[in-house]
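One structure is given here, and the rest of the page talks about it.
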Amino acid sequence: MNRGLILKFENLVQLRGACRQLRTLSDRKVNRAQWKPVQSSAHPAWSALLYPQFWQKDKLIHIALLQHRHLATKEETKKKKKRIPLAKGEVEIRQKMTVEELARAMGKDVDHIYEALLYTDVNLDSLEPDSILYEDHIKLIVKKSGMKYKSAKLKEEKERENTDAVKRPPADPAVLTPRPPVVTILGHVDHGKTTLLDSLRKTQVASMEAGGITQHIGAFLVHLPSGEKITFLDTPGHAAFSAMRARGTHVTDIVILVVAAEDGVMQQTIESIQHAKNAGVPLILAINKCDKPEADPERVKKELLAHDVVCEEFGGDVQAVNISALKGENLLVLAEATVALAEMLELKADSTGLVEGTVIESRKDKGKGPVTTAIIQRGTLRKGCVLVAGKTWAKVRFMFDENGKAVDAASPGIPVEIMGWKEVPSAGEEILEVESEQRAHEVVAWRTYVEQQERMKRDVEVIEAKQKEHRMEYKEKQQKLAHLTWRQRKAVLYKANKHLMFSRPKERTEMDKNVLSVIVKGDVDGSVEAILNILDSYDADGECKLDIIHFGMGDVSESDINLAEAFNGVVFGFSVKANESIKRLAAKKGIKIKLHNVIYKLIEDLKDELNSRLPPSVVENTIGEASVLDIFSVTVGKNKIPVAGCRVQKGLLDKKMKFKLIRNGDVIWKGSLSSLKHHKDDVQVIKTGMDCGLSLNEYIEFNIGDEIICYEEKEVQQTTSWDPGF
């Protein structure tokens, strides 16, 4: 063979081996080795690949070794990096860790992280050492590495200076001036509270209320013919609004307890008495509807004795006035009794200095923005004042009285509607005036910071409790399967979770737990608060879990519909609206919007929705009963089949229905019949008093005296056991 051809063949073999080495080194780029070609100054590497015939074996190997030496140097540099020592194989993780930070925490190099993420949904090509990892991926990497993880504890920050706003010290008695009393009208639903207040201020609020029930709190200033002023708070009488009534008594001086003369003491009457006692507020008893024939004011007074409400005629200190709110009888006497009690209490306040007050109600108005109804308790509120309430603040733009008339100032004891809030404060929040907008920002920032710190501490406690619970569950599962081999354990776990593997995520959540997700929208903050309070009493999570995914004020919006779609939820609105475009969007996405103006109907509708989520229960209806009088057997082929000679005692036996065999009061078999005969003839039905022979579809031996029950199964819709309390 030609010697030249042999040399060319050897060169090709050598070149092939060198190319393999180079390819192996370049592949390490996937493992983040950052391969870089190192070129010789006289002979670049690409020329060796383009013109291999001009290069000798030692030159090619020299280039490959240069590349290898460069890579080895980088690997050695990585190994020299300081690694954090591990404590018993535990890795302290936190949210938003980068690849490099996780590697240091684990005491590994970056390549280890990439290897652990192989065959996952992470795109390794776009992953860099400074890329942020999701918490699920962080936990997966730690588990694959055979380690345990624990959440990092919150770093103790430097203690921030408290910049909160506080009330002023008590005022000098010399600067105090008389103020109008703040009176709250309490009582049971439909006992005439709104009608009484309506008669006092000569308006027609009661006719505007949905269902004749006050739906949210109102504050009004009433001018009496004598020139005296009384501020009245009208609180709802429904059971769901107990929190609002409690808030009313918190800012009040006197409580007028309205009791209907024909009904007497009711559930909300007792609750109202308790609110007044807890607040330490004196009572005036107004016995309403005394114009009715069945009215019995004396019975009302005697019933109240059982609740420590003693009227003056029984030696107590509670004034009792018989009135008729509808006809306006004795209302002036009631007002005079209120003024007299206020004079005894010597109600005074400081009308100078920074303003202090309480939010009675808050809402979002389309034209005015966030608006609050407030009672001023100290100082005089004017336009331009900077106020703080909760985690929001306001620069007062306008103020209105209860009739919507603009006012320039509000002194202590006067209710006023305030415009200029940045956000809607919660009802019951304390209002404090501050010196400037900058000071208001400081107060809000401090209160937000305090709330965040408290929430973070609660979250850490919940996380640690959940982790402990999961560890216990895992240990219990491992102990139950400890006697099995790893193959047997794998088979058991596969069978247990097989039904979940092929279901979609949405179907999987429905299979895991029956849940009703609810979005609550209300007209004002107090209404939403009251609805949430009644939903807090839900105690039937074992039947159907009630999950409140969002609540707020204002009309139903597109974001509410999108949120309901994500959670397969229902939108409940109280005294709010949904425009036509929102209704069409909800219908398109299959979302229910349930709007109500009366609290009774909203809660009943919610209960109906809960009932529809409950699985139906199976009820057995007995059709007939028979007694076994004799037993024998027949031979079919090589098998002996037990046969019972029976007599129908009640109803009938229908072969198509289901049967059960009862012996000594215990059910020992359930199923269907294989045969039913009357005088050797196959029949479908045996009536009362007739004899028959029957055999079961399973081999069961009969005893004389056994009972055969024929029954049918029917599905009945379950109802929730939750009782909202009305």
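Observations on the structure shown:
- Aspartates and glutamates with Cα under 14 Å of Lys601, excluding same-chain neighbours fewer than 8 positions away: Glu609
- For the range 90-151, the Rg and Dmax computed from alpha carbons only, in angstrom: 10.2, 29
- Share of carbon and sulfur in the accessible heavy-atom surface of the range 90-151 [1.4 Å probe, %]: 45
- Measuring against 27 Å, Cα to Cα, the residue pairs Lys277/Lys348; Lys144/Lys475; Lys680/Lys714; Lys475/Lys495; Lys144/Lys495 contain Lys680/Lys714 as the ones spanning a longer distance.
- Contact order relative to length of the range 515-613, as percent, for alpha carbon pairs under 8 angstrom and 6 or more apart: 32
- Solvent-accessible heavy-atom area per residue, rounded to whole Å², over the range 90-151 at 1.4 Å: 59
- Each of the peptides 669-680, 546-557 was scored by the mean count of other Cβ atoms within 10 Å over its residues; in descending order, highest first, they stand as 546-557, 669-680.
- Each listed q (0.12, 0.14, 0.16, 0.23 Å⁻¹) maps to a log10 I(q)/I(0) for the range 617-716 from the Debye sum over equal C-alpha point scatterers, namely -0.35, -0.48, -0.63, -1.28.
- Solvent exposure of the range 617-716, expressed per residue, is 61 Å² of accessible area, with all protein chains present and a 1.4 angstrom probe.
- Surface composition of the range 595-649: carbon and sulfur make up 50 percent of the accessible area, probe 1.4 Å.
- Net dipole in debye of the range 617-716 [+1 Lys, Arg Cβ; -1 Asp, Glu Cβ; about Cα centre; nearest 20]: 260
- Heavy-atom surface of the range 256-397, accessible at 1.4 Å and reported per residue (Å²): 44
- Three-way shape label, the range 338-493, alpha-carbon gyration tensor, a/c 1.5: prolate
- For the range 382-466, carbon and sulfur atoms together expose 48% of the accessible surface, with a 1.4 angstrom probe and every protein chain in place.
The values are calculated or read from the model by the stated rules, or taken from the named source; none is laboratory data. Keep in mind the model is a prediction, meaning the values are calculated, not measured. Quick reminder, even Gly has a Cβ in these numbers, built from the backbone with ideal geometry, and neighbours come from all protein chains shown. SASA here: full protein model, heavy atoms, side chains in, ligands and nucleic acids out. Shrake-Rupley method; radii C 1.70, N 1.55, O 1.52, S 1.80 Å.
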